[in-house]
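**Student:** Could you have a look at this structure, given as structure tokens, before my questions?
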Amino acid sequence: EKFVVKVEPHSNGPLFVAVHFYLRATKQEEIEKFKAAKGLSHLGVPKLVANGSHVRNRQNYRFLVMERFGSDLQRILDNSEGQRFTTKTACSVAIQVIDSLEYIHRQGYVHKDVKGSNLLVGLGMDGQHLVHLVDYGLCSKFRVGNLHKQYRHDMRWAHEGTMEYTSRDAHIGCAARRGDIEVLLYNLIEW
């Protein structure tokens with residue numbers, strides 16, 4: 001299949017957050033403009049194919065359709081010899097993730113959940129070296145318009161995400177761009 005569908009009850013929040021991220025931040029013309037300005041042939045930010053709501057047995061569901069990718073890096077790492085990537089592979093992945101993070105940061109968002117299982121490789125021989133940053137269910141805006149939100153401790157959002165890959169800012173409930181980079185560095189150490 002060319003596409004995947006994520007479905008969750010309307011009462012769940014992560015898919016709502018992801019849909020709104022895709023609607024606001026993944027406009028194809030913005031992605032192409034960014035790629036052209038940076039001289040990139042690939043940007044690992046997936047595009048939204050479709051979204052909507054569906055009712056089944058009087059239960060409301062939200063769905064998101066996006067393009068299909070291959071395996072996630074965590075699965076590849078777990079099945080590799082020594083459960084390590086070569087330095088070349090780790091650096092290639094990191095550069096692609098930094099490009100994706102730079103794009104979403106320019107859109108006013110932080111990802112907050114960078115980890116191997118949220119990094120998918122492309123399909124086929126041409127796509128196997130292309131990395132895509134997915135799962136925007138925990139992302140949040142750090143900027144509204146051109147104004148940066150105030151950096152404030154908020155214990156309601158503390159420790160959100162995967163504990164092994166949580167930035168120091170996220171431990172106190174703050175959303176910050178540097179947290180995405182910090183977590184990427186934790187991943188690089190592991191890889």
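**Student:** Over the chain, average the accessible area per residue using a 1.4 Å probe and give it in Å², no decimals.
**Tutor:** 58
**Student:** At 222 nm, what helix-only mean residue ellipticity would the chain give, in deg cm²/dmol to the nearest 500, using -39500 (n - 2.57) for each DSSP H run of four or more?
**Tutor:** Details: 7 runs with 71 residues, N = 191.
Result for the chain: -11000 deg cm²/dmol, rounded to the nearest 500.
**Student:** When the accessible area of the chain is split by element with a 1.4 Å probe, what percent falls to carbon and sulfur?
**Tutor:** Working: 5970 of 11120 Å².
The nonpolar share, carbon plus sulfur, comes to 54 percent.
**Student:** With Kirkwood's inverse mean 1/r over C-alpha pairs for Rh, give me the Rg to Rh ratio of the range 49-136, two decimals please. Write out the running numbers ahead of the final one.
**Tutor:** Working: Rg = 15.9 Å, Rh = 14.9 Å.
When Rh is taken as the Kirkwood radius, the ratio is 1.07.
**Student:** Here's a follow-up. Would you mind classifying the range 1-66 by shape? Square roots of the alpha carbon gyration tensor eigenvalues, ordered a ≥ b ≥ c; an a/c under 1.5 is rounded, otherwise it is prolate if a/b is larger than b/c and oblate if not. Before the final figure, lay out each step's value.
**Tutor:** Values: a/c = 3.64, a/b = 2.52, b/c = 1.45.
Prolate.
**Student:** Can you give the FRET efficiency to the nearest 0.05 for SER11 and THR162, using r as the Cβ-Cβ distance and R₀ = 22 Å?
**Tutor:** Numbers: r = 22 Å, r/R0 = 1.02.
So the FRET efficiency works out to roughly 0.50.
**Student:** What value does the chain have for Rg/Rh, both radii from Cα atoms and Rh as Kirkwood defines it? If you can, show how the numbers build up before the last one.
**Tutor:** Values: Rg = 16.8 Å, Rh = 17.5 Å.
Using Cα coordinates only, the ratio equals 0.96.
**Student:** Report D for the range 34-96 in µm² per second (integer): Stokes-Einstein, Kirkwood Rh on Cα pairs, 37 °C, 0.692 mPa s. Could the numbers behind the result be given before it?
**Tutor:** Numbers: Rh = 15.5 Å.
Once the numbers are plugged in, D ends up at 212 µm²/s.
**Student:** With the cut-off at 11 Å, report for the range 79-120 the share of all Cα pairs above it, as a whole percent. The partial results should precede the final answer.
**Tutor:** Details: 608 of 861 pairs.
Tail fraction, whole percent: 71.
**Student:** With respect to the cross-link table entries LYS88/LYS115; LYS2/LYS141; LYS47/LYS112; LYS6/LYS88; LYS38/LYS112; LYS35/LYS112, which display a Cα-Cα separation exceeding 27 Å?
**Tutor:** LYS2/LYS141; LYS6/LYS88
The values are calculated or read from the model by the stated rules, or taken from the named source; none is laboratory data. Please read all numbers here as calculations on a predicted model, not as lab measurements. As a convention, Cβ positions derive from the backbone with ideal geometry for all residues, glycine included, and neighbour counts pool all protein chains shown. The area values use the complete protein model at the heavy-atom level, side chains included, leaving out ligands, DNA and RNA. Shrake-Rupley method; radii C 1.70, N 1.55, O 1.52, S 1.80 Å.
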